[in-house]
Amino acid sequence: MAPDIEVDSLDVWYGQARALKEVTLHLGPGKVLALIGPSGCGKSTFLRVLNRMIDRAPQVRVKGAVRVGAFEVLAGDVDVTALRRTVGMVFQQPNPFPMTIFDNVAYGPRIAGLRQMAKLRQTVEDSLKKAALWDEVRGKLRRSAMSLSGGQQQRLCIARALAVNPQVLLLDEPTASLDPVSTAKIEELIVQFKTHYTMVIVTHNLQQAARVSDAVAFFEHGRLVEMGPTHDIFTAPRERRTEEFLTGRV
Amino acid sequence: MIRQSFHQELAQLEQELIRMGALVEDQLRRAVRSLTDRNITLARQVIEEDDRVDAMEMDIERRCLTLLALQQPLASDLRVVSTALKIITDLERMADHASDIAKVTVRLNQEPLIKPLVDIPEMARIASSMVRLALNAYIHRSIEEAMTMIRLDDDVDHLYARVFRELLDIMRTRPDTVAQGTYLLFVANYIERVADHATNLGEWVIYMVTGQRKELND
(Lines give C-alpha, C1' and ligand atoms only; values in the text may rest on other atoms or scores of the structure.)
Protein backbone atom coordinates (compact mmCIF):
# COMPACT_ATOMS: atom_id res chain seq x y z
CA MET A 1 0.00 0.00 0.00
CA ALA A 2 1.48 3.33 -1.09
CA PRO A 3 1.78 5.74 1.85
CA ASP A 4 1.05 9.44 2.02
CA ILE A 5 3.72 12.02 2.75
CA GLU A 6 3.24 14.84 5.20
CA VAL A 7 5.76 17.62 5.71
CA ASP A 8 5.32 20.26 8.36
CA SER A 9 7.44 23.41 8.74
CA LEU A 10 10.56 21.83 7.31
CA ASP A 11 13.76 23.86 7.59
CA VAL A 12 17.17 22.80 6.32
CA TRP A 13 20.44 24.65 6.77
CA TYR A 14 23.83 23.86 5.22
CA GLY A 15 26.08 25.63 7.70
CA GLN A 16 24.76 29.20 7.73
CA ALA A 17 22.91 28.86 4.43
CA ARG A 18 19.23 28.13 4.77
CA ALA A 19 18.24 25.75 1.97
CA LEU A 20 14.60 25.16 2.91
CA LYS A 21 12.29 27.54 4.75
CA GLU A 22 9.17 26.35 6.52
CA VAL A 23 8.05 23.94 3.85
CA THR A 24 4.66 22.39 4.57
CA LEU A 25 2.86 20.08 2.19
CA HIS A 26 0.83 16.90 1.94
CA LEU A 27 0.94 14.31 -0.83
CA GLY A 28 -1.75 11.64 -1.00
CA PRO A 29 -0.96 7.92 -1.33
CA GLY A 30 -0.08 6.71 -4.82
CA LYS A 31 0.23 10.23 -6.18
CA VAL A 32 3.08 11.69 -8.24
CA LEU A 33 4.43 15.05 -7.11
CA ALA A 34 6.72 17.00 -9.43
CA LEU A 35 9.09 19.51 -7.83
CA ILE A 36 9.95 22.41 -10.10
CA GLY A 37 11.87 25.62 -9.66
CA PRO A 38 15.12 27.32 -10.62
CA SER A 39 18.46 25.70 -9.79
CA GLY A 40 19.33 26.04 -6.12
CA CYS A 41 15.70 26.52 -5.07
CA GLY A 42 15.83 23.58 -2.64
CA LYS A 43 13.93 20.90 -4.54
CA SER A 44 16.76 18.32 -4.45
CA THR A 45 17.34 19.10 -0.79
CA PHE A 46 13.66 18.47 -0.14
CA LEU A 47 13.88 15.13 -1.96
CA ARG A 48 16.92 14.10 0.06
CA VAL A 49 15.17 14.74 3.34
CA LEU A 50 12.47 12.22 2.52
CA ASN A 51 14.84 9.23 2.78
CA ARG A 52 17.40 10.92 5.04
CA MET A 53 20.03 11.03 2.29
CA ILE A 54 20.43 14.58 3.57
CA ASP A 55 22.30 13.16 6.60
CA ARG A 56 25.38 12.77 4.42
CA ALA A 57 25.68 16.48 3.64
CA PRO A 58 28.30 18.25 5.76
CA GLN A 59 27.12 20.67 8.47
CA VAL A 60 23.50 19.99 7.72
CA ARG A 61 20.72 20.85 10.17
CA VAL A 62 17.13 19.78 9.67
CA LYS A 63 14.10 21.01 11.62
CA GLY A 64 10.40 20.28 11.35
CA ALA A 65 8.33 17.14 10.94
CA VAL A 66 8.31 14.74 8.02
CA ARG A 67 6.11 11.67 7.93
CA VAL A 68 6.19 9.04 5.18
CA GLY A 69 3.41 6.58 5.95
CA ALA A 70 4.24 5.23 9.39
CA PHE A 71 7.79 6.61 9.39
CA GLU A 72 8.53 9.72 11.40
CA VAL A 73 11.45 10.46 9.11
CA LEU A 74 13.24 13.02 11.31
CA ALA A 75 12.73 11.19 14.60
CA GLY A 76 15.98 10.25 16.33
CA ASP A 77 14.99 6.63 16.69
CA VAL A 78 13.85 6.04 13.10
CA ASP A 79 15.32 2.93 11.45
CA VAL A 80 17.09 4.66 8.55
CA THR A 81 17.84 1.37 6.77
CA ALA A 82 14.19 0.36 6.87
CA LEU A 83 13.20 3.88 5.78
CA ARG A 84 15.51 3.71 2.76
CA ARG A 85 14.13 0.32 1.83
CA THR A 86 10.66 1.83 1.87
CA VAL A 87 11.72 5.00 0.12
CA GLY A 88 13.74 4.10 -2.97
CA MET A 89 15.69 6.62 -5.00
CA VAL A 90 16.76 7.01 -8.62
CA PHE A 91 19.38 9.57 -9.56
CA GLN A 92 20.12 11.83 -12.49
CA GLN A 93 23.07 9.79 -13.74
CA PRO A 94 22.38 6.06 -14.01
CA ASN A 95 24.64 4.52 -11.37
CA PRO A 96 24.67 0.75 -11.84
CA PHE A 97 27.17 -1.08 -9.65
CA PRO A 98 30.16 -2.50 -11.53
CA MET A 99 28.78 -6.03 -11.44
CA THR A 100 26.40 -8.17 -13.50
CA ILE A 101 22.87 -7.15 -14.37
CA PHE A 102 21.56 -9.88 -12.09
CA ASP A 103 23.74 -8.91 -9.15
CA ASN A 104 22.70 -5.27 -9.47
CA VAL A 105 19.06 -6.12 -9.01
CA ALA A 106 19.75 -8.85 -6.43
CA TYR A 107 21.94 -6.51 -4.41
CA GLY A 108 19.24 -5.08 -2.17
CA PRO A 109 17.34 -8.32 -1.52
CA ARG A 110 20.64 -10.06 -0.67
CA ILE A 111 21.54 -7.36 1.84
CA ALA A 112 18.05 -7.77 3.27
CA GLY A 113 18.88 -11.44 3.85
CA LEU A 114 17.33 -13.18 0.86
CA ARG A 115 19.57 -16.16 0.08
CA GLN A 116 17.35 -18.68 -1.74
CA MET A 117 18.43 -18.61 -5.37
CA ALA A 118 14.95 -19.46 -6.74
CA LYS A 119 13.34 -16.59 -4.84
CA LEU A 120 16.19 -14.29 -5.76
CA ARG A 121 15.77 -15.15 -9.45
CA GLN A 122 12.06 -14.51 -9.22
CA THR A 123 12.59 -11.15 -7.52
CA VAL A 124 15.13 -10.12 -10.19
CA GLU A 125 12.80 -11.16 -12.99
CA ASP A 126 9.78 -9.42 -11.45
CA SER A 127 11.73 -6.24 -10.84
CA LEU A 128 13.17 -6.18 -14.37
CA LYS A 129 9.69 -6.75 -15.77
CA LYS A 130 8.25 -3.89 -13.72
CA ALA A 131 11.04 -1.67 -15.01
CA ALA A 132 10.26 -2.79 -18.59
CA LEU A 133 13.80 -4.07 -19.07
CA TRP A 134 13.25 -7.83 -18.87
CA ASP A 135 12.66 -8.41 -22.59
CA GLU A 136 15.91 -6.63 -23.42
CA VAL A 137 18.16 -8.39 -20.91
CA ARG A 138 16.73 -11.90 -20.42
CA GLY A 139 19.48 -14.35 -21.30
CA LYS A 140 22.08 -11.66 -20.64
CA LEU A 141 21.72 -11.40 -16.89
CA ARG A 142 25.36 -12.45 -16.32
CA ARG A 143 26.68 -9.62 -18.45
CA SER A 144 28.09 -6.51 -16.87
CA ALA A 145 25.56 -3.77 -16.19
CA MET A 146 28.08 -1.45 -17.79
CA SER A 147 27.38 -3.05 -21.18
CA LEU A 148 23.87 -1.55 -21.18
CA SER A 149 22.96 1.74 -22.83
CA GLY A 150 22.31 4.81 -20.67
CA GLY A 151 18.55 4.39 -20.89
CA GLN A 152 18.78 0.69 -20.05
CA GLN A 153 21.10 1.47 -17.13
CA GLN A 154 18.54 3.90 -15.76
CA ARG A 155 15.77 1.31 -16.00
CA LEU A 156 18.16 -1.15 -14.32
CA CYS A 157 18.54 1.33 -11.47
CA ILE A 158 14.75 1.53 -11.25
CA ALA A 159 14.57 -2.30 -11.18
CA ARG A 160 17.21 -2.28 -8.45
CA ALA A 161 15.17 0.19 -6.44
CA LEU A 162 12.01 -1.88 -6.93
CA ALA A 163 13.67 -5.15 -5.90
CA VAL A 164 13.43 -4.30 -2.21
CA ASN A 165 9.69 -3.62 -2.43
CA PRO A 166 9.67 0.11 -1.75
CA GLN A 167 6.44 2.05 -1.32
CA VAL A 168 7.83 5.41 -2.29
CA LEU A 169 10.09 6.33 -5.20
CA LEU A 170 12.16 9.49 -5.27
CA LEU A 171 13.36 10.45 -8.72
CA ASP A 172 16.01 13.14 -9.02
CA GLU A 173 15.96 14.32 -12.64
CA PRO A 174 15.82 10.69 -13.77
CA THR A 175 15.88 11.46 -17.49
CA ALA A 176 18.27 14.42 -17.55
CA SER A 177 20.99 12.37 -19.24
CA LEU A 178 18.75 10.28 -21.50
CA ASP A 179 17.67 10.52 -25.14
CA PRO A 180 13.99 11.16 -25.97
CA VAL A 181 13.13 7.48 -26.52
CA SER A 182 14.65 6.39 -23.21
CA THR A 183 13.01 9.38 -21.55
CA ALA A 184 9.61 8.34 -22.89
CA LYS A 185 10.14 4.81 -21.50
CA ILE A 186 10.95 6.13 -18.04
CA GLU A 187 7.97 8.50 -18.11
CA GLU A 188 5.72 5.63 -19.16
CA LEU A 189 6.99 3.65 -16.17
CA ILE A 190 6.19 6.52 -13.81
CA VAL A 191 2.66 6.70 -15.15
CA GLN A 192 2.24 2.92 -14.83
CA PHE A 193 3.63 2.96 -11.29
CA LYS A 194 0.97 5.42 -10.15
CA THR A 195 -1.23 4.15 -7.33
CA HIS A 196 1.32 1.39 -6.59
CA TYR A 197 3.96 3.81 -5.37
CA THR A 198 3.90 7.34 -4.07
CA MET A 199 6.44 9.25 -6.15
CA VAL A 200 8.29 12.52 -5.95
CA ILE A 201 10.18 13.65 -9.03
CA VAL A 202 12.56 16.57 -9.42
CA THR A 203 12.63 17.77 -12.99
CA HIS A 204 13.74 20.79 -14.97
CA ASN A 205 11.58 19.62 -17.84
CA LEU A 206 8.22 21.29 -17.28
CA GLN A 207 6.57 19.25 -20.01
CA GLN A 208 7.73 16.13 -18.25
CA ALA A 209 6.22 17.35 -15.01
CA ALA A 210 3.00 18.05 -16.92
CA ARG A 211 2.98 14.58 -18.46
CA VAL A 212 3.67 12.44 -15.42
CA SER A 213 2.58 14.23 -12.27
CA ASP A 214 -0.70 14.61 -10.37
CA ALA A 215 0.51 17.59 -8.39
CA VAL A 216 3.23 20.19 -8.83
CA ALA A 217 5.15 22.09 -6.18
CA PHE A 218 7.02 25.23 -7.20
CA PHE A 219 10.03 26.07 -5.06
CA GLU A 220 11.99 29.31 -5.04
CA HIS A 221 14.80 30.41 -2.72
CA GLY A 222 14.06 27.48 -0.42
CA ARG A 223 10.38 28.30 -0.06
CA LEU A 224 7.43 26.37 -1.36
CA VAL A 225 5.71 29.11 -3.33
CA GLU A 226 2.74 27.07 -4.46
CA MET A 227 1.54 23.51 -4.73
CA GLY A 228 -1.57 22.31 -6.55
CA PRO A 229 -3.03 19.90 -9.06
CA THR A 230 -0.80 19.74 -12.16
CA HIS A 231 -3.54 21.00 -14.46
CA ASP A 232 -4.19 24.05 -12.29
CA ILE A 233 -0.53 24.96 -11.85
CA PHE A 234 0.26 24.73 -15.56
CA THR A 235 -2.86 26.49 -16.84
CA ALA A 236 -3.64 29.02 -14.13
CA PRO A 237 -1.24 29.19 -11.17
CA ARG A 238 -2.37 31.27 -8.22
CA GLU A 239 0.97 32.91 -7.42
CA ARG A 240 2.62 35.58 -9.54
CA ARG A 241 6.08 34.05 -8.96
CA THR A 242 4.91 30.70 -10.34
CA GLU A 243 3.37 32.47 -13.32
CA GLU A 244 6.63 34.29 -14.02
CA PHE A 245 8.68 31.11 -13.75
CA LEU A 246 6.39 29.11 -16.03
CA THR A 247 6.21 31.82 -18.67
CA GLY A 248 9.95 32.53 -18.58
CA ARG A 249 9.44 36.07 -17.31
CA VAL A 250 11.93 35.77 -14.45
CA MET B 1 16.81 35.14 -25.03
CA ILE B 2 14.36 32.67 -26.55
CA ARG B 3 11.38 33.62 -24.33
CA GLN B 4 11.67 37.20 -25.51
CA SER B 5 11.17 36.20 -29.13
CA PHE B 6 8.28 34.00 -28.01
CA HIS B 7 6.61 36.92 -26.30
CA GLN B 8 7.10 39.02 -29.43
CA GLU B 9 5.35 36.30 -31.40
CA LEU B 10 2.53 36.29 -28.85
CA ALA B 11 2.16 40.05 -29.30
CA GLN B 12 2.04 39.58 -33.08
CA LEU B 13 -0.58 36.89 -32.67
CA GLU B 14 -2.73 39.32 -30.70
CA GLN B 15 -2.34 41.97 -33.40
CA GLU B 16 -3.52 39.51 -36.03
CA LEU B 17 -6.48 38.53 -33.88
CA ILE B 18 -7.51 42.16 -33.38
CA ARG B 19 -7.20 42.75 -37.14
CA MET B 20 -9.42 39.75 -37.81
CA GLY B 21 -11.96 40.96 -35.25
CA ALA B 22 -12.08 44.41 -36.83
CA LEU B 23 -12.69 42.88 -40.24
CA VAL B 24 -15.51 40.69 -38.88
CA GLU B 25 -17.15 43.67 -37.18
CA ASP B 26 -16.93 45.58 -40.45
CA GLN B 27 -18.37 42.64 -42.41
CA LEU B 28 -21.37 42.51 -40.11
CA ARG B 29 -22.07 46.24 -40.37
CA ARG B 30 -21.77 46.21 -44.15
CA ALA B 31 -23.94 43.09 -44.50
CA VAL B 32 -26.81 44.70 -42.60
CA ARG B 33 -26.32 47.98 -44.45
CA SER B 34 -26.49 46.10 -47.75
CA LEU B 35 -29.89 44.84 -46.61
CA THR B 36 -31.29 48.16 -45.37
CA ASP B 37 -29.90 50.08 -48.37
CA ARG B 38 -30.82 47.26 -50.79
CA ASN B 39 -27.24 47.46 -52.10
CA ILE B 40 -26.45 44.24 -53.94
CA THR B 41 -22.95 45.37 -54.94
CA LEU B 42 -22.08 45.86 -51.28
CA ALA B 43 -23.63 42.48 -50.43
CA ARG B 44 -21.47 40.76 -53.04
CA GLN B 45 -18.38 42.44 -51.60
CA VAL B 46 -19.26 41.09 -48.15
CA ILE B 47 -19.69 37.58 -49.56
CA GLU B 48 -16.31 37.80 -51.32
CA GLU B 49 -14.55 39.21 -48.27
CA ASP B 50 -15.55 36.15 -46.28
CA ASP B 51 -12.65 34.32 -47.94
CA ARG B 52 -10.31 36.85 -46.36
CA VAL B 53 -11.73 36.11 -42.92
CA ASP B 54 -11.29 32.37 -43.54
CA ALA B 55 -7.68 32.94 -44.64
CA MET B 56 -7.00 34.97 -41.50
CA GLU B 57 -8.50 32.26 -39.35
CA MET B 58 -6.24 29.65 -40.93
CA ASP B 59 -3.20 31.87 -40.60
CA ILE B 60 -3.82 32.56 -36.89
CA GLU B 61 -4.60 28.91 -36.27
CA ARG B 62 -1.28 27.95 -37.90
CA ARG B 63 0.55 30.49 -35.74
CA CYS B 64 -1.11 29.11 -32.59
CA LEU B 65 -0.29 25.51 -33.42
CA THR B 66 3.31 26.46 -34.19
CA LEU B 67 3.59 28.27 -30.86
CA LEU B 68 2.07 25.30 -29.01
CA ALA B 69 4.36 22.82 -30.73
CA LEU B 70 7.59 24.78 -30.62
CA GLN B 71 7.27 26.89 -27.48
CA GLN B 72 5.06 24.71 -25.33
CA PRO B 73 3.64 27.70 -23.47
CA LEU B 74 2.36 27.37 -19.91
CA ALA B 75 0.17 29.32 -17.49
CA SER B 76 -1.01 32.69 -18.89
CA ASP B 77 0.94 32.14 -22.12
CA LEU B 78 -0.92 28.87 -22.64
CA ARG B 79 -4.22 30.61 -21.96
CA VAL B 80 -3.43 33.40 -24.44
CA VAL B 81 -2.71 30.89 -27.21
CA SER B 82 -5.65 28.58 -26.46
CA THR B 83 -7.98 31.59 -26.14
CA ALA B 84 -6.83 32.83 -29.55
CA LEU B 85 -7.65 29.40 -31.02
CA LYS B 86 -11.17 29.54 -29.59
CA ILE B 87 -11.78 33.20 -30.45
CA ILE B 88 -10.93 32.80 -34.13
CA THR B 89 -13.53 30.02 -34.41
CA ASP B 90 -16.21 32.34 -33.00
CA LEU B 91 -15.06 35.20 -35.24
CA GLU B 92 -15.12 32.98 -38.30
CA ARG B 93 -18.69 31.88 -37.51
CA MET B 94 -19.76 35.51 -37.10
CA ALA B 95 -18.28 36.33 -40.49
CA ASP B 96 -20.20 33.38 -41.96
CA HIS B 97 -23.39 34.89 -40.56
CA ALA B 98 -22.52 38.30 -42.07
CA SER B 99 -22.08 36.54 -45.38
CA ASP B 100 -25.42 34.76 -44.89
CA ILE B 101 -27.13 38.12 -44.32
CA ALA B 102 -25.52 39.50 -47.48
CA LYS B 103 -26.86 36.50 -49.38
CA VAL B 104 -30.36 37.38 -48.22
CA THR B 105 -29.84 40.89 -49.64
CA VAL B 106 -28.91 39.34 -52.98
CA ARG B 107 -31.84 36.96 -52.89
CA LEU B 108 -34.44 39.62 -52.05
CA ASN B 109 -32.99 41.72 -54.86
CA GLN B 110 -35.12 44.87 -55.18
CA GLU B 111 -38.31 43.27 -53.90
CA PRO B 112 -40.18 45.84 -51.73
CA LEU B 113 -39.80 45.17 -48.01
CA ILE B 114 -42.84 43.87 -46.14
CA LYS B 115 -42.02 46.21 -43.27
CA PRO B 116 -39.56 48.99 -42.55
CA LEU B 117 -36.41 47.55 -40.94
CA VAL B 118 -36.00 49.11 -37.52
CA ASP B 119 -35.25 46.43 -34.96
CA ILE B 120 -33.01 44.35 -37.21
CA PRO B 121 -30.53 47.22 -37.79
CA GLU B 122 -30.69 47.95 -34.05
CA MET B 123 -29.90 44.31 -33.26
CA ALA B 124 -26.99 44.48 -35.70
CA ARG B 125 -25.73 47.70 -34.16
CA ILE B 126 -25.66 46.12 -30.71
CA ALA B 127 -24.15 42.86 -31.98
CA SER B 128 -21.32 44.57 -33.82
CA SER B 129 -20.64 46.80 -30.84
CA MET B 130 -20.42 43.59 -28.80
CA VAL B 131 -17.70 42.34 -31.13
CA ARG B 132 -15.77 45.56 -30.65
CA LEU B 133 -16.25 45.57 -26.88
CA ALA B 134 -15.19 41.93 -26.61
CA LEU B 135 -12.03 42.71 -28.56
CA ASN B 136 -11.39 45.70 -26.31
CA ALA B 137 -11.86 43.43 -23.31
CA TYR B 138 -9.31 41.11 -24.90
CA ILE B 139 -6.82 43.92 -25.51
CA HIS B 140 -7.28 45.37 -21.99
CA ARG B 141 -7.49 41.95 -20.32
CA SER B 142 -10.62 43.35 -18.71
CA ILE B 143 -13.15 41.14 -16.98
CA GLU B 144 -15.50 44.12 -16.46
CA GLU B 145 -15.60 44.83 -20.18
CA ALA B 146 -16.13 41.14 -20.92
CA MET B 147 -19.04 41.10 -18.48
CA THR B 148 -20.86 43.82 -20.44
CA MET B 149 -21.67 41.06 -22.94
CA ILE B 150 -24.35 39.74 -20.60
CA ARG B 151 -26.54 42.85 -20.75
CA LEU B 152 -25.98 43.47 -24.46
CA ASP B 153 -26.76 39.87 -25.32
CA ASP B 154 -30.01 40.21 -23.37
CA ASP B 155 -30.85 43.35 -25.36
CA VAL B 156 -30.30 41.50 -28.62
CA ASP B 157 -32.38 38.55 -27.40
CA HIS B 158 -35.29 40.85 -26.51
CA LEU B 159 -35.20 42.55 -29.89
CA TYR B 160 -35.02 39.17 -31.57
CA ALA B 161 -38.15 38.01 -29.72
CA ARG B 162 -39.94 41.16 -30.83
CA VAL B 163 -38.86 40.84 -34.47
CA PHE B 164 -39.91 37.22 -34.38
CA ARG B 165 -43.40 38.06 -33.12
CA GLU B 166 -43.87 40.92 -35.57
CA LEU B 167 -42.80 38.94 -38.59
CA LEU B 168 -44.98 36.03 -37.55
CA ASP B 169 -47.98 38.35 -37.25
CA ILE B 170 -47.33 39.80 -40.71
CA MET B 171 -46.93 36.37 -42.25
CA ARG B 172 -50.12 35.12 -40.59
CA THR B 173 -52.23 37.96 -41.96
CA ARG B 174 -50.52 38.19 -45.37
CA PRO B 175 -49.51 34.78 -46.70
CA ASP B 176 -47.80 36.39 -49.73
CA THR B 177 -45.12 37.70 -47.31
CA VAL B 178 -44.06 34.28 -46.05
CA ALA B 179 -41.01 33.94 -48.31
CA GLN B 180 -39.52 37.34 -47.45
CA GLY B 181 -40.71 37.10 -43.86
CA THR B 182 -38.78 33.85 -43.48
CA TYR B 183 -35.63 35.42 -44.94
CA LEU B 184 -35.90 38.32 -42.54
CA LEU B 185 -36.38 35.88 -39.67
CA PHE B 186 -33.20 34.18 -40.81
CA VAL B 187 -31.41 37.52 -40.73
CA ALA B 188 -32.63 38.25 -37.21
CA ASN B 189 -31.55 34.78 -36.18
CA TYR B 190 -28.06 35.25 -37.72
CA ILE B 191 -27.62 38.46 -35.76
CA GLU B 192 -28.80 36.79 -32.59
CA ARG B 193 -26.19 34.08 -33.17
CA VAL B 194 -23.50 36.72 -33.73
CA ALA B 195 -24.34 38.16 -30.32
CA ASP B 196 -24.01 34.68 -28.81
CA HIS B 197 -20.59 34.27 -30.41
CA ALA B 198 -19.59 37.69 -29.08
CA THR B 199 -20.69 36.50 -25.65
CA ASN B 200 -18.41 33.50 -26.14
CA LEU B 201 -15.56 35.93 -26.81
CA GLY B 202 -16.32 37.54 -23.45
CA GLU B 203 -16.19 34.13 -21.79
CA TRP B 204 -12.83 33.40 -23.42
CA VAL B 205 -11.44 36.72 -22.26
CA ILE B 206 -12.49 35.87 -18.71
CA TYR B 207 -10.82 32.48 -19.05
CA MET B 208 -7.66 34.09 -20.40
CA VAL B 209 -7.48 36.52 -17.48
CA THR B 210 -8.56 34.24 -14.63
CA GLY B 211 -8.11 30.66 -15.82
CA GLN B 212 -11.77 30.05 -14.93
CA ARG B 213 -14.52 29.18 -17.38
CA LYS B 214 -17.66 31.20 -16.78
CA GLU B 215 -20.95 30.98 -18.69
CA LEU B 216 -22.21 34.44 -19.54
CA ASN B 217 -25.46 33.49 -21.22
CA ASP B 218 -27.71 30.94 -19.61
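Data table
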| item | result |
| --- | --- |
| Fraction of accessible area attributable to carbon and sulfur, chain B (%, probe 1.4 Å) | 52 |
| Proximal lysines to A:K21, defined as alpha-carbon separation beneath 28 angstrom and excluding residues fewer than eight positions away on the same chain | A:K31, A:K43, A:K63 |
| DSSP bridge orientation in the protein assembly as shown - percent antiparallel, rounded to nearest 5 | 60 |
| Gap separating the Cα centres of the range B:109-148 and the range B:10-62, nearest whole Å | 14 |
| Solvent-accessible area per residue for the protein assembly as shown (1.4 angstrom probe, square angstrom) | 45 |
| Carbon plus sulfur fraction of accessible area for chain A, probe 1.4 Å, in percent | 50 |
| B:R174 versus B:K86: modelled label distance in nm, points set 7 Å from Cα along the beta carbon direction | 4.5 |
| Dimensionless Rg ratio for the protein assembly as shown, taking C-alpha atoms and the 2.2 N^0.38 Å reference | 1.38 |
| Dipole of the protein assembly as shown, positive end: most advanced residue of B:T41, B:A55, A:A19 [Cβ charges, Cα centre] | A:A19 |
| Dipole magnitude (debye, nearest 20) for chain A, charges at Cβ of Lys, Arg, Asp, Glu | 800 |
| Estimated 222 nm signal from helices in chain A, with DSSP H stretches of n ≥ 4 weighted -39500 (n - 2.57), rounded to 500 | -10500 deg cm²/dmol |
| Nonlocal amide H pairs with A:L178, under 5 Å, H built at 1.01 Å | none |
| Magnitude of the charge dipole, chain B, Cβ model with Lys/Arg +1 and Asp/Glu -1, debye to 20 | 180 |
| B/A buried area, accessible surface, summed, 1.4 Å probe, Å² | 1000 |
| Under-5 Å amide H pairs with A:A19, H placed in peptide plane, nonlocal only | A:V12, A:W13, A:Y14 |
| Cβ-based charge dipole, the protein assembly as shown, positive-most Cα from A:L50, B:V104, B:S128 | A:L50 |
| Relative intensity, log₁₀ I(q)/I(0), of the range B:153-196 from a Debye sum that treats every alpha carbon as a point, q = 0.23, 0.24, 0.34 Å⁻¹ | -0.71, -0.75, -1.13 |
| Calculated from backbone phi, Karplus (6.51, -1.76, 1.60) coupling profile of the range B:69-80 in Hz, x at Gly/Pro | 6, 8, 9, 6, x, 10, 6, 5, 4, 5, 5, 4 |
| Buried on assembly, the range B:64-113 (at least 20 Å² less accessible surface than by itself, 1.4 Å probe) | B:Q72, B:L74, B:A75, B:S76, B:D77, B:L78, B:R79 |
| Among beta bridges that DSSP assigns inside chain A, antiparallel share in %, nearest 5 | 60 |
| Residues whose placed amide H lies under 5 Å from that of A:V202, excluding near-sequence neighbours | A:L35, A:L171, A:D172, A:E173 |
| Entries of A:K129/A:K194; A:K194/B:K86; A:K194/B:K214; A:K129/A:K185 with Cα pairs more than 23 Å apart | A:K194/B:K86; A:K194/B:K214 |
| Complex-versus-alone comparison for the range A:220-250, residues with a loss of 20 Å² or more in accessible area, probe 1.4 Å | A:F234, A:T235, A:A236, A:E243, A:L246, A:T247, A:G248, A:R249 |
| Cα-Cα separations in chain A greater than 21 Å, expressed as whole percent | 58 |
| Most positive-pole-ward Cα, B:V156, B:F6, B:A84, against dipole of chain B from beta carbon charges | B:V156 |
| Sites A:S9 and A:D232, calculated FRET efficiency, Cβ-Cβ separation with R0 25 Å, nearest 0.05 | 0.55 |
| Alpha carbon Rg of the range A:37-78, scaled by the compact-globule rule 2.2 N^0.38 Å | 1.21 |
| Gain in span if fully extended, B:A22 to B:Q8, counting 0.36 nm per residue against the direct Cα distance | 2.9 nm |
| B:I40-A:R56 pseudo-label distance in nm [points 7 Å out on the Cα-to-Cβ vector] | 8.7 |
| Cβ-derived FRET efficiency at R0 25 Å, A:R110 paired with A:K194, nearest 0.05 | 0.30 |
| Computed label-point distance, nm, for sites B:N136 and A:E244 using a 7 Å Cα→Cβ extension | 3.2 |
| Percent of Cα-Cα distances greater than 32 Å, calculated over the range B:2-210 | 23 |
| Karplus-derived 3J(HN,Hα), 6.51/-1.76/1.60, for each residue of the range B:188-196, Hz, glycine and proline x | 4, 5, 4, 5, 4, 5, 4, 4, 5 |
| Charge dipole (debye, nearest 20) of the protein assembly as shown; +1 at Cβ of Lys and Arg, -1 at Cβ of Asp and Glu | 2380 |
| Pairwise centroid distance, computed over Cα atoms, of the range A:54-119 with the range A:176-227, Å | 20 |
| Neighbourhood net charge (11 Å Cβ-Cβ; Lys/Arg +1, Asp/Glu -1) for B:A146 | -1 |
| At 1.306 mPa s and 10 °C, Stokes diffusion of the range A:111-238 via Kirkwood alpha-carbon radius, µm² per second | 98 |
| ³J(HN,Hα), Karplus 6.51/-1.76/1.60, whole Hz, each residue of the range A:125-140, x for Gly, Pro | 4, 4, 5, 5, 5, 4, 8, 6, 10, 3, 4, 8, 10, 4, x, 10 |
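The values are calculated or read from the model by the stated rules, or taken from the named source; none is laboratory data. All of these numbers come straight from a predicted model, not from anything done at the bench. For neighbour counting, all protein chains shown are included, and Cβ atoms are generated from backbone atoms with ideal geometry for every residue, glycine included. Areas reflect the complete protein model, heavy atoms only, side chains present, ligands, DNA and RNA absent. Shrake-Rupley method; radii C 1.70, N 1.55, O 1.52, S 1.80 Å.
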